[in-house]
Amino acid sequence: MSVRLYALDGCPWCETAADALEEAGVDYETEWVEALHSRRNEVKRVSGQRGVPVLVDEERGVTMAESANIVEYVERTLA
């Protein structure tokens, strides 16, 4: 799968990003992360920071954080 969303269960910003992907009909995989920032090493490895949500679009070589940025990207590029 070329689109992955790093998310935390119960995170409202993560849900916003996931909703945008679903509404656009994008096939994606969710990578669930640990609640503790110190345990989010995979997120840091791909994005340089430990916050979520983080979207990785391997096909286009795009990695981004912040739900508003992700929603805009999905609407402009993936929808």
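The values are calculated or read from the model by the stated rules, or taken from the named source; none is laboratory data. Source: prediction; values computed, not measured. Reconstructed Cβ throughout: ideal geometry from the backbone, glycine too, with neighbour counts over all protein chains shown. Each accessible area value is taken on the protein alone, full model and side chains, heavy atoms only, with ligands, DNA and RNA left out. Shrake-Rupley method; radii C 1.70, N 1.55, O 1.52, S 1.80 Å.
So if I check each of R39, R76, which one is basic (K, R) and modelled with pLDDT under 95?
R39
Going by the conditions given, is R4 of a type outside the set (V, I, T) and not in a helix (DSSP H, G or I)?
Against the criterion (of a type outside the set (V, I, T) and not in a helix (DSSP H, G or I)), R4 qualifies.
Select from the range 67-79 the residues that are hydrophobic (A, V, I, L, M, F, W, C) and part of a helix (DSSP H, G or I) and list them in ascending order. Break it down into steps so the answer makes sense when it comes.
We begin by selecting, within the range 67-79, every residue hydrophobic (A, V, I, L, M, F, W, C); these are 68, 70-71, 74, 78-79.
Within the range 67-79, A68, I70, V71, V74, L78 meet the criteria.
Does A20 satisfy being among the small types (G, A, S), open to solvent by less than 40 Å² (accessible area, probe 1.4 Å) and farther than 19 Å from D9 by Cα?
Judged against the criteria, A20 is not a match.
Applying the selection to the range 25-66, what residues are more than 19 Å from G10 (Cα to Cα), open to solvent by less than 30 Å² (accessible area, probe 1.4 Å) and assigned to a loop (DSSP other than H, G, I, E, B)?
V26
Do we have any residue at all in the range 3-25 that's touching a strand residue (DSSP E or B) at 6+ places or on another chain (Cβ under 9 Å) and of a type in the set (S, T, N, Q)?
no
Take the residues in the range 67-79 that are more than 18 Å from C11 (Cα to Cα) and in contact (Cβ under 8 Å) with a residue 40 or more places away in the chain; name whichever of them is least open to solvent (accessible area, probe 1.4 Å).
Among them, the one singled out is V74.
Where the second residue is in a strand (DSSP E or B) and the first is of a type in the set (S, T, N, Q) and lies in the range 1-12, which pairs have Cβ atoms under 7 Å and are six or more apart or on separate chains?
Once the first residue is of a type in the set (S, T, N, Q) and sits in the range 1-12, its partners that are in a strand (DSSP E or B) give S2/D57.
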